[in-house]
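Nothing in this text is a laboratory measurement; each read-out follows from the coordinates by a stated rule. This is a predicted model, so every value here is computed, not measured. Using ideal geometry, Cβ is built from the backbone for each residue, glycine included, and neighbour counts are taken over all protein chains shown.
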Amino acid sequence: MPTLTVIGKPDCHLCDVAEEIVETVVAGLPDDVAESVVIERSSISDDRGLYDLWWEKVPVVLIDGALHAHWRVSADRLRAAVLNAAGPSEGASA
């Protein structure tokens, strides 16, 4: 079950774009994969630790806690990474 974490901040255009890309990619995945993906959202304004780590890189997308992308998110690259993280048993019909 892949977990996508989108780390952003309020009033951030690139953060809004990254969230839209994440939502669109997950919606376009095979049903068995899409249903297993967990999307979490965090803001650097609400968490000092996140701020210290990511303030100059938002938006940030993590897959299972590992950095996938920052600043700009590629839908194709994200889709491939999520399918890979889901493992061979999920998304086999893709």
* Specify the angular offset, from 0 to 90 degrees and rounded to the nearest 10, of the alpha carbon long axis of helix 13-27 from the longest principal axis of the alpha carbons in the chain. => 20
* Asked: Over the chain, what relative contact order in percent results from Cα pairs under 8 Å that are six or more residues apart?
  -> 41
* To do: Kindly express, to the nearest 10 degrees and within the range 0 to 90, the angle between helix 75-86's C-alpha long axis and the longest C-alpha principal axis of the chain.
  => 60
* Of the labelled options [x] 74; [y] 53; [z] 50, which one gives percent of Cα pairs over 16 Å apart as computed for this structure? -> [z]
* Asked: Ordered by packing density, taken as the mean number of other Cβ atoms within 10 Å over each peptide's residues, highest first, how do 64-72, 12-20 rank?
  -> 12-20, 64-72
